[in-house]
């Protein structure tokens, strides 16, 4: 009998030892992550309302970071790092900083330092693609030229996010139209030669009036056609 009690006690200990307590579930609070965008336009005016006709509130520049606060369709209410806020369309925002830019005009100088009087490295062409390295508050951008590999400074206002469209007017033949040259003046017509002077004939030697103007030749009269029965036979 004591053996049965011992077995029952042993089984109870085994059952108690194998039992695992139910884990306690702790729900962590939901943390909303902030969404940030970068301005994808050289200069952007934030609107007071989510529409193009909304008034301008503040201006932000290329690659300024803004935080999304609200969304309505393709419009985002964003706030800059300094607290300024307004509405921007999604076509003017990017998830990453913009690095590829284009030179706006021919002949722009790439400087060794961010100063107008610094050494010129090369002259740039219109629509030269450059990679933005950095920009300073004084309005200069350090760029790397894709065509030559040179790195230098260029005024930020001489860059664009899109290539400049060059319109060339073409003639009917398909060649580029050039400036029309000045119209050539027609050569002056020679003055008419003076008519030869007519000398009066000496008296008694000139032709007579009848000889001077011969009469017109006489034409034979048209024969009349005889009608039948006009003449009877003898």
> Between residue 125 and residue 53, what is the FRET efficiency for a Förster distance of 45 Å, r being their Cβ-Cβ separation, to the nearest 0.05?
Replying inline: 0.70
>> Full-extension gain between residue 74 and residue 96, please, as 0.36 nm times their residue separation minus the C-alpha to C-alpha distance.
In response: 6.1 nm
> In percent, how large is the relative contact order of region 27-116, given Cα pairs closer than 8 Å and 6 or more residues apart?
Replying inline: 28 percent
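Computed from the coordinates by the stated procedures, all read-outs in this text should not be read as laboratory data. Note that the structure is a prediction, hence the values are computed from the model and not measured. As a convention, Cβ positions derive from the backbone with ideal geometry for all residues, glycine included, and neighbour counts pool all protein chains shown.
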